[in-house]
Amino acid sequence: MQPVIELDNLEVRLGERTVLNKLTASLTGRSIGLLGPNGAGKSTLINTLLGFHAPAAGTARVIGLDIRTRARQVRGLTGYMPENDSFIASMSGVRFVRLMAELSGLPQEQALERAHEAFFYVGLGEVRYRQIGTYSLGMKQMTKLAQAIVHGPKVLFLDEPTNGLDPPARKRMIQLIQEIRDHGDLHLILSSHLLRDVEECCDQVLILKDGQIAAFCNLEEERRANRKFLELETRGANGTFTAALAKLGCQTAPGAGGRIKLVLPDGVEIRQLYELAAQQQVQIRRIHCKRDSLEDIFFKAMEPANGRL
Amino acid sequence: MNAGAIELDDVSKFYGDVLGVNRVHLSIPTGVTSLVGPNGSGKTTLMNLITGLIRPTRGQVRVLGLSPAKHPDILRKIGYCTQFDAFPKGLTGYQFVYWFLRLHGFPRAEANALTRQALERTGMREAADRHVASYSKGMRQRVKLAQAIAHNPSVLVLDEPLNGLDPMARAETIALFREWAGEGRFVLVSSHILHEVDRISDQVILLSHGYVVAEGQIQGVRSEVKDHPIQVLVRCDQPGLLASRLFEQDHVVEARIHEDGKGLLIRTRDADRLYLLLNRVVLELGLEVESVAPADEDVNSVYQYLIGAEGGTA
Amino acid sequence: MAVYKKTYRRYEGPLTPERQRFLVIPRYAFEEMRRSRFLNLFFLASFIWPLICALVIYLHHNLSALKLLNLDADKLIRIDAGFFLTYLGIQSMGAFFLAAFVGPGQVSPDLANNALPLYLARPFSRSEYVLGKMLVLVTLLSLMTWVPGLLLFALQGYLEGASWMAANLRIAAGLFFGAWIWILVLSLLALALSAWVKWRPAAGGLLFGVFFVAAGFGGAINGILRTRWGNLLNISHLIGSVWVSLFEEPMRRGAGAVFFRVARGEEIPIWCCWAALLGVCLICLFLLGRKIRGVEVVR
C-alpha cells in the first residue's frame, strides 16, 4: 500500500535553528496522530508538508508526490485545519467556505453546493448565513473543518481541532473526526496535546522530540496485546483476598484509590477471580484491562535516550 | 463566617441585562476544586468575583473571611491566571513575573528570588530571558502560571491553565496542583477536559447558564442524581444470556447489548445488589468476563445528565 | 422508500483551469463592493467630469448649440494636450480617493484573522493572490482614468477627423501610459499599506500621509537645503513630471495637471522621476512579500 506520507531525511531550518533534523519515516495508517512536546517540530512538519517552509535538505512525499517539485499538486490534495483562529470576519460562513472551494479549483455552482454540504456535515444550520465574526468558538472551529473538507481532499491535516471547545462541542468534533476516518475515503493527520483525542481517533502515532522521531507505534496492535494486566476495584476485600490471588499465581500490587493491580499468568482465567470472590464474600465492582496506554508510550518516548546526558 | 474557605453568599452578577451568575451559594474548601461548564455559563464571572476584579450586583463574596473587592490587601493571598493570551509588549518572561512581584510590594532582592523560584517551578528557567512574543503557546501559558504562583498565594484561581500544554507539561502542572492542595491551599481550576477533571479534583462545581447545577465530590454528586439509574458496563462473551438472568431482578431497569455484541450496558437502581448478583451469575453461567466498569461515575456523565448537550454549536 | 445517509464524499468533478484561478479574488471583491452604496455613488459620480469634458468637445463642433448659448468657438477651452492633461489630473485625484477607500479593505480582512494560511494551503500562490487583489484596484482605477479618457479622445477624433487623430496620437499614448503609471503606483501602495496596517481607517489615512506628508517633507527639504531634490519625495510631483514628458506639454503656467503640478524651476531630470517611481513600486512589492506568507516566523 502506498504510504500516505514519506519523510526522506527531511531537514528544516528556521533562522539558525534546525527544527526538523533528518526525519525519515513511512506513514501508512488511515489516521495518524502527531504528538510531541512544545517546540518538537509538529507544526513545522505540517507547515513544511504544506509548502510553507522549504526544506534545507532531504525531502518528503505526500501520496507519492514530492513536496519540493510538486508542491502545488500536493496542496490540491490536502485539507488543512490550522490551530489558530483563521477566518474572514466580514464574510458569512457559506461565502467563506465557497471562496475556499473555488480557490481549490471547484467551479462556481459546485463550490456552492459543496459548501452547503460541508456545513450540513459538520452540523451548522442557519448559522452559516451569519458573519463569521459573530460566531462562537465552537462554530469557528467547525467552519475551519468545513473549509478543510469542502474540496474533498485525500489527506486532512488537523492541528489541535478540539482547542478551547467545551465538552459537548469536543464530543461532537471527535465524533465527526471518527466518522470522517471511518467512512470518508481519506487519511487523517491529527496533531494534538490531548492524548485522549489521539487515542480515540488515530491508529498510528508518530512522536516527535527535538526535531527527531522519538517513537512510532501502531495503536491497534498495542490494543490487541496486553490483555493480561488488570485493575480490580472491590468492596469487602482485605489481605486474605490478595493473598488468595497471589496463591493463584497472580502478581498483585496496590493501585490508586484502594484498587488492586494484578497480572494474570497464563492459564488463570477471570472466572477464577470470581470464584475466589464468591468464596470470600467479596464484591468485584470493576475489572479494567490496563493496557499500555498512549500515555505510557508517550512518557517512555520522552525519557532521554540511554547514554545521553 | 468561615475564615478558612471561599464563600459566595447568594451572589448574583449582571452586566446590564446580560446574566453572569444568578443566586450562587458556595463554600469552597481547600484542595483542588474544578469549575466545569459550557462556554458562557459563568465560570469566568465566578473567577472574577473571587479575585475581586468585579463586584457582585447582589450578595457577598468572602475569601478567607474578607471581601476581595473591598479589602485589596487580601489580593496578596490570591493568584490569578487568566485564559486570555495577552501580555504587555516588549517584556521578557523574567521581567513579566518580576515586575508583577514588585507591584505587590516585594523588595528587589526578594522579588528576584521569588521570580527565579516561580520560573524554576514551572520549567521556564532557560527561556526566562527571551521575549514573551517569541514564546510558543505552551511557554506563554507557563509564564502566566509562574506569575500566578510567584507570591506564594493561598488561593489560586486558574482559568483553563492546561490550555496548550503538551502531555508532559500537563502531568507536571497537575502534580504541582496536587502539591499545593496538599499544602492546604485553595486551588480553583476551570477546565473543559473532563477526564482530567476526574483525576485531579477533590471537588467539582458544575455551572450552566449562570446557575450552580451541582457541587461536591463527584461520587457524592452522582449518587444524588436520582433521576438517572446507575449504569454499569460489562464486557463478556454472552451478553444476551447475562441479560436474561438480570431481567429476573426488579432493580434492573434496562440492559442494552453493545453493537459489537460483546458488551452489556446495565442500568439499575441498586448498585450493591447488582454487583452481588453479577458475581453469582458469572460463576453460574460460566461467563468469560473481559471487564466490568461503572459507566457513569465520572464528571463526563454527570455533565451529560445535568447540563446536557446545550452550549455546543448551534 | 429510500433513506439517504449523509457522508463525506470526495470531489470527482471538473476543475477550473489553473491559470484563471486568481480571477476568483476580483470576482468576490466586486460582489462585496456592489453592496456598498457609498462606493456605487462615488463611482458613478466619478463619471461626471468625463461627461463635462465630452460636452465641451461636443460644443466645439456643434455651431448651432454654440449659437444657442451665445458663445464664441474661439473663447472656449482649446482641445489640446493641456485639455486632456487636465482631465487626467482631475480623474486621477478621484482615483486616489477611490483607492484610499477601497484599497485597505482588500488585504486587511484576510490578515486580521489569519485567513492567509487557508488561502495558501491550496493550489494558490502568493503571486496569484497579489495579482488578484491588484486586478480589483486596477480595474476600478482604469475605468475611472484612461478608459473614459480614450473614449473622449476617440470622440474628439471622430468629430475633428482622422488627420487630427493621427497628428495627436501622442495624447492618446500619454493618457494611456500616464494613467497606468499612476494606477500601478497607487495600487501597489494601497495594497502594501493595507497589508502592514491591520486597521482599515489607519491604512487609508496612511495612504494620504504617504502623499501629503511626504510631499510636505520634500518641500521642507527644498526650502532648507535650497535644492530641488526634495521633490523626489513628492510622488505627485514625480507623476506630474512623467506626464509632462509623455504629453510633450509646453510649459505654460505651472506645468502638469491640476494636482500633479510641477512648479517651474523645480524640475528634476526625467530619468530620476522614473527611477524614483520604480523604487516606490519595488519597495511596495517587497513589503507585500514580507507580509503575504503562510506562516509568520518570529525569531
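The values are calculated or read from the model by the stated rules, or taken from the named source; none is laboratory data. Since the structure is predicted, the reported quantities are computational estimates derived from the model, not experimental observations. Cβ coordinates were reconstructed from backbone atoms using ideal geometry, including for glycine residues, and neighbour counts include every protein chain displayed.
Things to note:
- Checked across the range A:53-60, the condition of being in contact with a helix residue (DSSP H, G or I) (Cβ under 8 Å, 6 or more places away or on another chain), in contact (Cβ under 8 Å) with a residue 40 or more places away in the chain and polar (S, T, N, Q) holds for no residue.
- Count of residues meeting criterion [in contact (Cβ under 8 Å) with a residue 24 or more places away in the chain, assigned to a loop (DSSP other than H, G, I, E, B) and surrounded by fewer than 20 Cβ atoms within 10 Å (Cβ to Cβ)] in the range A:14-43: 2
- Any hit, the range B:218-234, residues being surrounded by 18 or more Cβ atoms within 10 Å (Cβ to Cβ), touching a residue at least 24 places away in the same chain (Cβ under 8 Å) and under 23 Å from A:Q280 (Cβ atoms): yes
- Within the range B:5-18, being assigned to a strand (DSSP E or B) and either surrounded by 15 or more Cβ atoms within 10 Å (Cβ to Cβ) or in contact (Cβ under 8 Å) with a residue 24 or more places away in the chain (or both) holds for B:I6, B:E7, B:L8, B:D9, B:D10, B:V11, B:S12, B:K13, B:F14.
- Evaluation of A:S191 against (1) surrounded by 20 or more Cβ atoms within 10 Å (Cβ to Cβ); (2) farther than 22 Å from B:S191 by Cα; (3) within 14 Å of chain B (Cβ to nearest Cβ) (one fails), failing number: (2)
- Of the criteria (1) surrounded by fewer than 21 Cβ atoms within 10 Å (Cβ to Cβ); (2) among the small types (G, A, S); (3) away from chain A (no Cβ under 14 Å), which one B:A293 fails: (3)
- A:I174 within 11 Å of chain C (Cβ to nearest Cβ) and modelled with pLDDT of 90 or more: no
- Counting only strands (runs of 3 or more DSSP E) that sit wholly inside the range A:183-225, not one has at least 3 residues that are of a type in the set (S, T, Y), at pLDDT 85 or above and closer than 16 Å to A:G39 by Cβ.
- Any pair with Cβ under 6 angstrom, 6 or more apart, that starts in the range A:131-159 at a residue that is aromatic (F, W, Y) and ends at one that is assigned to a helix (DSSP H, G or I): A:F157/A:I46
- If the condition is being within 11 Å of chain C (Cβ to nearest Cβ) and either in a loop (DSSP other than H, G, I, E, B) or of a type in the set (D, E, K, R) (or both), then the range A:150-166 contributes A:V150, A:H151, A:G152, A:P153, A:K154, A:D159.
- Filtered residues of the range B:194-214 (kept if at positive phi and in contact with a strand residue (DSSP E or B) (Cβ under 7 Å, 6 or more places away or on another chain)): B:G210
- The residue that is farthest from the chain's Cα centre (by Cα), among those in the range A:44-89 that are among the hydroxyl-bearing types (S, T, Y) and buried (at least 20 other Cβ atoms within 10 Å of the Cβ), is A:S86.
- Hey, B:Y80 assigned by TED's automatic domain parsing to the domain that holds B:V189, modelled with pLDDT under 90, of a type outside the set (V, I, T) and closer than 28 Å to B:K43 by Cβ or not: no
- When B:R256, B:R280 are checked against the criterion of being without any contact (Cβ under 8 Å) to a residue 24 or more places away in the chain, surrounded by fewer than 20 Cβ atoms within 10 Å (Cβ to Cβ) and under 20 Å from A:A277 (Cα atoms), B:R280 stands alone in meeting it.
- Across the range A:93-109, the qualifying residues are those that are crowded, with 17+ Cβ neighbours inside 10 Å and outside any helix (DSSP H, G or I), and the one among them that is farthest from the other protein chains (Cβ to nearest Cβ) is A:L106.
- Checked against the criterion of being closer than 24 Å to C:L233 by Cα, in a helix (DSSP H, G or I) and free of Cβ contacts under 8 Å to residues at least 12 places away in the same chain, the candidates C:G178, C:G216, C:G204 yield just one match: C:G216.
- Of all the residues in the range A:79-90, those that are out of contact with any Asp or Glu (no Cβ under 8 Å at 6 or more places or on another chain) and more than 7 Å from chain C (Cβ to nearest Cβ) number 1.
- Checking the range A:127-149 against the condition returns no match, with no residue being at the interface with chain C (Cβ under 10 Å from one of its Cβ atoms) and in a loop (DSSP other than H, G, I, E, B).
- Some residue of the range A:62-71 being within 14 Å of chain C (Cβ to nearest Cβ) and of a type in the set (D, E): no
Every residue, every condition in (1) out of contact with any Cys (no Cβ under 7 Å at 6 or more places or on another chain); (2) among the basic types (K, R); (3) under 27 Å from A:Q73 (Cα atoms), yes or no:
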position: A:K144; (1), (2), (3): yes, yes, yes
position: A:R170; (1), (2), (3): yes, yes, no
position: A:L190; (1), (2), (3): no, no, yes
position: A:L195; (1), (2), (3): yes, no, no
position: A:I213; (1), (2), (3): yes, no, yes
position: A:E222; (1), (2), (3): yes, no, no
position: A:E233; (1), (2), (3): yes, no, no
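- Residues that are among the polar types (S, T, N, Q) and in contact (Cβ under 8 Å) with a residue 40 or more places away in the chain within the range A:78-130 comprise A:T78, A:S86, A:S90, A:S92, A:S104, listed in sequence order.
- Filter pass, B:T115 being of a type in the set (S, T, N, Q) and free of Cβ contacts under 8 Å to residues at least 40 places away in the same chain: yes
- Here A:L112 qualifies as more than 7 Å from every other protein chain (Cβ to nearest Cβ), part of a helix (DSSP H, G or I) and surrounded by fewer than 21 Cβ atoms within 10 Å (Cβ to Cβ).
- B:S154 meets all of the listed conditions (1) within 14 Å of another protein chain (Cβ to nearest Cβ); (2) touching a Phe, Trp or Tyr at 6+ places or on another chain (Cβ under 7 Å); (3) over 25 Å from A:H193 (Cα atoms) but one, namely (1).
- For the residues C:R122, C:R78, C:R27, the requirement of being within 14 Å of chain A (Cβ to nearest Cβ) and not in a helix (DSSP H, G or I) singles out C:R122.
- Candidate set: the range C:98-119, residues that are closer than 19 Å to A:G51 by Cα and at pLDDT 90 or above; chosen: the one farthest from the other protein chains (Cβ to nearest Cβ): C:L116
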